[in-house]
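Let me begin by presenting the structure, written as structure tokens, before commenting on it.
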Amino acid sequence: MPLTTAPPTAPATGVSTAILNLLLPHRRTTDPAPATAEAFPHQLRRIARFVRDGAPVVFTLPGFPCKSPNPAKVLGHLPDQGERLSLGFLNTLCTEIGRIYPPGARLIICSDGHVFGDLIRVPDEHIDAYADELRAVMDRWDLSRLSVFDLRDVLGDLPHDARRAHVHERYAPTLEALRAEVRAGDPARALYRGITRFLFEDTADHTGTRSALQRDCRRRAYGVIQRSRAWGGLIAEHHPHAVRLSIHPQPTGAAKFGIRLLDAPDAWTTPWHSAALRRADGTWTLLPRSQAARRGRLVRADGRPSHFTQS
């Protein structure tokens, strides 16, 4: 049965505020000032629709695409402790929502690696293996409130390039429109710069000049953002009522709510661009593999490198 669209009642608003208050401590943003739940009316309205119908709150989170291809940043091409901790955190967050709202919540990881795999230069077989391992981790650790959604769920057995072309043609903004947004300033400019930086850092085998690589990364960054926007449009079509989360920093009041998965020194750092380090006090952080290796010793799990730990 579709969710209703009437204005939220007072009880629904109160429960929705309580749910959003559980997310606020984990908000990913570059805003210097804290914000209250009332500063996020879009999210409150979406949550209230589920509450009013007594249905589980559904969140969608584009991300968890694949590991960076730069071996100085990551431990390999499969999920490791960084992803395991992040998925555990997201499942726990849904469980906490269930304690104050019995229907609970579920979160759909919208794994977007195939959407721009050619642009970030990661083999499609590595992207498949990464998403398959995410599902295996969810099963192994009984993370029952999480699921994975990717292009295979939408376009089946079409070749990877055909899937990408379909999504781009149907949903992506024009390059001209995107360039105008970036010229206009934040937040589009901040995202463009962040993606450009990641592409530059992820290129480990470039043999040309630094300036040539920077030009190439700037060009590819526009393509990545176009495809990401396209993926967002497809997600909205398939999950029209969901509360949209983001792994990128988001300003107060935006339609997307930025969510921080693990502690990191940079607001843009994710588990798939880094390695997990267990500090001596038992807390975790995310760092490039080369930095984590200088601070701790390597730990293996299930026969694979997993994370680093300090004594």
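The values are calculated or read from the model by the stated rules, or taken from the named source; none is laboratory data. As the structure is a computational prediction, the values presented were derived from the model and not from experiment. Please note: Cβ atoms are built from the backbone with ideal geometry, for glycine as well, and neighbour counts cover all protein chains shown. We work out accessible area using only protein heavy atoms, side chains counted, and drop any ligands, DNA or RNA first. Shrake-Rupley method; radii C 1.70, N 1.55, O 1.52, S 1.80 Å.
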Next on the checklist: Students often check this: by mean Cβ neighbours within 10 Å, which of 137-143, 33-39 ranks highest, and how do the rest follow?
Outcome noted: 137-143, 33-39
Checklist outcome for this item: Once normalised by the length of the stretch 55-167, the mean sequence separation of its alpha carbon contacts under 8 Å that are 6 or more apart gives a contact order in percent of 34 percent
Next on the checklist: Checking a compactness column here: for the stretch 10-109, what do you get for Rg(Cα) / (2.2 N^0.38 Å), N being the number of residues?
Outcome noted: 1.27
Item to check | Per residue accessible area of the chain, 1.4 Å probe, in Å² | outcome: 46 Å²
Checklist outcome for this item: From DSSP H assignment alone, runs of 4+ in the chain each adding -39500 (n - 2.57), the sum over residues rounded to the nearest 500 puts [θ] at 222 nm at -15500 deg cm²/dmol
Next on the checklist: Report the gain in length on full extension from residue 299 to residue 216: 0.36 nm times residue separation, minus Cα-Cα distance, nm rounded to one decimal.
Outcome noted: 26.3 nm
Item to check | Nonlocal amide H pairs with residue 284, under 5 Å, H built at 1.01 Å | outcome: 279
Item to check | Peptides ranked, highest mean first, by Cβ atoms within 10 Å: ranges 296-303, 111-118 | outcome: 111-118, 296-303
Item to check | Nearest-0.05 FRET efficiency for residue 310 and residue 157, computed from C-beta distance (R0 51 Å) | outcome: 0.65
Item to check | Ranked packing of 223-230, 208-215, most packed first, by mean Cβ within 10 Å | outcome: 223-230, 208-215
